[in-house]
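So the structure is just underneath, and the comments pick up after that.
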Amino acid sequence: MNEKKLSNLTVGVGVTGSFCTFKRIINVFTQLSEAGANIVPVFSDIVAATDNRFMNALEFRNKIVGITGREPITSITDAEPIGPNGYLDVMLIAPCTGNTIAKLANGITDSPVLMAAKAHLRNQKPLILSISTNDALGINLKNIGLLMNMKNIYLVPFGQDNYKKKPNSLISDTTKIQDTIICALDTKQFQPVIITYNHTV
């Protein structure tokens, strides 16, 4: 059913620097593509340029280009036309880091992903956040609350991924991304938004 609803939709996917989730994010790109979505990738500056212990920047970029058939947007200048051209049906930020959450909640636009999100929201279309941050239940909790109450912003269901070692950490269940997108297109938040993980993810 999701495949039919996502078929031929243009979905922007902004990727920010929660590197430990990148293998799961590659699966998200694959699943959206298999569902028939036309994907426009957008990379933050960190994602575009930073090698890390999980995957180097060029390897990640090549995998995303291979799945989507598109080079990612990697500059604020190239992200800005998303607004006036209005070509995205929906935008997803996955993973959405604490840094991105804080800036988005406070109107700061200093990266390609944040500019893409700002430009997309101008068109009154849904923005979906798949959060992944170690400070979600700390200093960033207020920002998550602000975003949950903003028009046209929806959250992929999330929970504590390791409450013993990282009690302030929250991570979204990426298997719920397509369901969240479908609900958001009908201006509804997919529920339940707060979930329980039975093990460390």
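List of remarks:
- Single residue of the stretch 29-59 satisfying the filter (hydrophobic (A, V, I, L, M, F, W, C) and more than 16 Å from the chain's Cα centre (by Cα)) that is nearest to Ala116 (Cα to Cα): Ala49
- All positions within the stretch 58-98 that are in a helix (DSSP H, G or I) and surrounded by 16 or more Cβ atoms within 10 Å (Cβ to Cβ): Phe60, Arg61, Lys63, Ile64, Ile67, Thr68, Ile76, Ala79, Ile82, Gly83, Gly98
- In the stretch 9-34, the residues that are free of Cβ contacts under 8 Å to residues at least 60 places away in the same chain reach residues that are among the basic types (Lys, Arg) and not in a helix (DSSP H, G or I) with C-beta atoms within less than 8 angstrom, at least six apart or across chains, in these pairs: Phe19/Arg53.
- Listed by position, the strands (runs of 3 or more DSSP E) contained in the stretch 103-201 that have at least 2 residues being over 24 Å from Glu80 (Cα atoms) and not aliphatic (A, V, I, L, M) are 127-133.
- Of all residues making up the stretch 117-149, the number that are free of Cβ contacts under 8 Å to residues at least 40 places away in the same chain and of a type in the set (Gly, Ala, Ser): 3
- Once the stretch 2-31 is narrowed to residues that are under 22 Å from Asn162 (Cα atoms) and among the hydroxyl-bearing types (Ser, Thr, Tyr), the residue that is surrounded by the most Cβ atoms within 10 Å (Cβ to Cβ) is Thr16.
- Just so you know, in the stretch 141-179 the residues that are closer than 18 Å to Gln124 by Cβ and not hydrophobic (A, V, I, L, M, F, W, C) include one that is surrounded by the most Cβ atoms within 10 Å (Cβ to Cβ), and it is Tyr154.
- Among the residues of the stretch 7-19, those identified as within 14 Å of the chain's Cα centre (by Cα) and hydrophobic (A, V, I, L, M, F, W, C) are Val11, Val13, Val15, Phe19.
Any read-out appearing in this document is the output of simple, stated calculations on the displayed coordinates, not a laboratory observation. All values reported here derive from a predicted model rather than from experimental measurement. Methodologically, a virtual Cβ is constructed for each residue, glycine included, from the backbone with ideal geometry; neighbour enumeration extends over all protein chains shown.
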